[in-house]
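Remarks on the structure that follows.
The values are calculated or read from the model by the stated rules, or taken from the named source; none is laboratory data. In this text the structure is predicted, and so the values were computed from the model without any measurement. Glycine also receives a Cβ, built like all others from the backbone with ideal geometry; neighbour counts cover every protein chain displayed. Only protein heavy atoms, including side chains, enter the accessible area calculation; ligands, DNA and RNA are left aside. Shrake-Rupley method; radii C 1.70, N 1.55, O 1.52, S 1.80 Å.
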Amino acid sequence: MIRGLALIFALLAMPLPAAAHKVIFAIFKSGDVVEGELGFSNGDMSSGAVIEAFDSAGNKIGEAITDADGFFVYAPTQEITHIFKADMGAGHVAQAEMTADDIADILGVAAAEETVAKSTTPASPTTTGGVTVASLSSEERLAIAEAVRDEMRPLRRELAAYREKNDLQTILGGLGYIFGLFGLYFYIAARRRMEG
């Protein structure tokens, strides 16, 4: 009985998981660039943060700076694996990696856009909503790509907040399950003592 009480007190004295915020650091392909965001799961985004890009050997190959919304854009120049790192201070360090294949895709898009911009007669123009895609200037294409990225940003933030919420619920649910099992154990032990 004393051991059981000691075990309960030891479990209650254990630190519970803090409801602290996590660092959100996401990178993704966006046309001919790597785009990413840096911030915290509570919605605070990191503005003016330096994002450093390294190769697999740890050599620095470039950097970008986040805007007021915590977003950054990086234009790769080499078909190698890129490792992006951000030191936000107070022990908050974030790291994300993009493979050489993904970088090659990005550089392929950039090369294709340059070819289309230099070409005077496209092979087969595509019509979308009455507008010939090939007739769009590179500035118009960039404006469309930027508008799409701007529309996607709130969705990415909501997704990150949803993940954070479900992680905390899972932890608390697991703790409740453990305490429930201990309660069942002590109930069964008490019934056996009463019968015996």
Area of V148 that stays accessible when all protein chains are in place (1.4 Å probe, Å², to 10): 80 Å²
Separation between the Q169 and L155 pseudo-spin-labels, each 7 Å from Cα along Cα→Cβ, expressed in nm? 2.2 nm
Determine how large the accessible area of L155 is when every protein chain is in place; take a 1.4 Å probe and give Å² rounded to the nearest 10. 100 Å²
Modelled label reach - S138, point 7 Å along Cα→Cβ, the stretch 29-47 residues with backbone N closer than 20 Å: 30-35
Given backbone amide H placed at 1.01 Å from N, residues whose amide H is under 5 Å from that of T81, ignoring those fewer than 5 places away on the same chain, are S56, A100
Working with all protein chains in place, sort F54, F84 by solvent-accessible area computed with a 1.4 Å probe, largest first. F54, F84
Work out the FRET efficiency for R192 and K22 from their Cβ-Cβ distance, taking R0 = 45 Å, and round it to the nearest 0.05. 0.50
Calculate one ³J(HN,Hα) per residue across the stretch 87-94 by plugging θ = phi - 60° into the Karplus curve 6.51 cos²θ - 1.76 cosθ + 1.60, and present them in order as whole Hz with x for glycine and proline. 9, 9, x, 6, x, 8, 10, 10
Once phi for every residue in the stretch 49-64 is put through the Karplus expression 6.51 cos²θ - 1.76 cosθ + 1.60 (θ = phi - 60°), the whole-Hz ³J(HN,Hα) values, with Gly and Pro written as x, are 7, 8, 9, 9, 10, 10, 8, 5, 7, x, 7, 6, 10, x, 7, 9
For 27-40, 65-78, 179-192, ranked highest to lowest by mean beta-carbon neighbours within 10 Å, the order is 27-40, 65-78, 179-192
